[in-house]
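The values are calculated or read from the model by the stated rules, or taken from the named source; none is laboratory data. Predicted model only: the values in this text are computed from it and were never measured. Backbone-built Cβ (ideal geometry, glycine too); neighbour counts: all protein chains shown. Note: areas computed on protein heavy atoms with side chains; ligands, DNA, RNA excluded. Shrake-Rupley method; radii C 1.70, N 1.55, O 1.52, S 1.80 Å.
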Amino acid sequence: MTVGRDEKLRRAIEKAGADRKIDIFGWTDELPRLLCENHVLIGKAGGATVQETIAARCPMIINHVVAGQEEGNARLIVETNSGAIALSNDEVVAQVQSAFVDNAKQWREWSANISKLSRPRASLDIAEFLLSI
């Protein structure tokens, strides 16, 4: 779990998860690796975050959408059935539970759908094409 530079959030998560195995990271440049190693991202619908989750084929539960600039990102995740929007803590918990019931049926659908969107080499492919002409 990453908490960025929010020490108050870090302490709250450490307290809430004291009896569980939770790896908590502060600010990190390891997000691409972490996304590839985990099943779902819970976070806001920022452009870079959504694109990183798509590249990593990691379904997303969006818990915050900044009006205007992030609405399209959230719509992309929902309309492609690559995740869900859950704007309250209770909704987030319900979406996580729903994703993993019935042999993780919902998560498997999200995962298959986000994989169809993923083009992690797109910029390299474009650069190679441009250099070849």
Note to self: Give all pairs with beta carbons closer than 6 Å in which a residue from the stretch 63-92 that is farther than 15 Å from Leu41 by Cα meets a residue that is of a type in the set (Gly, Ala, Ser); count only pairs at least 6 apart in sequence or on separate chains.
What the structure shows: Glu70/Ala45
Check: Taking the stretch 111-133 as the search range and keeping residues that are among the hydrophobic types (A, V, I, L, M, F, W, C) and in contact with a helix residue (DSSP H, G or I) (Cβ under 7 Å, 6 or more places away or on another chain), which one is least open to solvent (accessible area, probe 1.4 Å)?
Finding: Ile114
Next item on the list: Report, ordered by the first and then the second residue, all pairs with beta carbons closer than 9 Å, sequence separation of six or more or different chains, a first member in the stretch 97-119 that is farther than 15 Å from Thr80 by Cβ, and a second member that is loosely packed, with under 13 Cβ neighbours inside 10 Å.
Entry: Ala99/Lys105
Item checked: Complete set of residues in the stretch 1-35 that are loosely packed, with under 13 Cβ neighbours inside 10 Å, within 25 Å of Gln106 (Cβ to Cβ) and in contact (Cβ under 8 Å) with a residue 12 or more places away in the chain -> Ile22, Asp23
Notebook entry, point to check: Could you count how many residues in the stretch 73-89 are at pLDDT 95 or above and open to solvent by 80 Å² or more (accessible area, probe 1.4 Å)?
Noted result: 2
Check: If you check Val65, Val92, which single one turns out to be surrounded by 15 or more Cβ atoms within 10 Å (Cβ to Cβ), modelled with pLDDT of 95 or more and either among the acidic types (Asp, Glu) or touching a strand residue (DSSP E or B) at 6+ places or on another chain (Cβ under 8 Å) (or both)?
Finding: Val65
Checklist line | Complete set of residues in the stretch 36-57 that are touching a residue at least 40 places away in the same chain (Cβ under 8 Å), open to solvent by 40 Å² or more (accessible area, probe 1.4 Å) and not hydrophobic (A, V, I, L, M, F, W, C) | finding: His39, Arg57
Notebook entry, point to check: Which residues, taken from the stretch 32-79, are among the charged types (D, E, K, R), in a loop (DSSP other than H, G, I, E, B) and more than 10 Å from the chain's Cα centre (by Cα)?
Noted result: Glu70
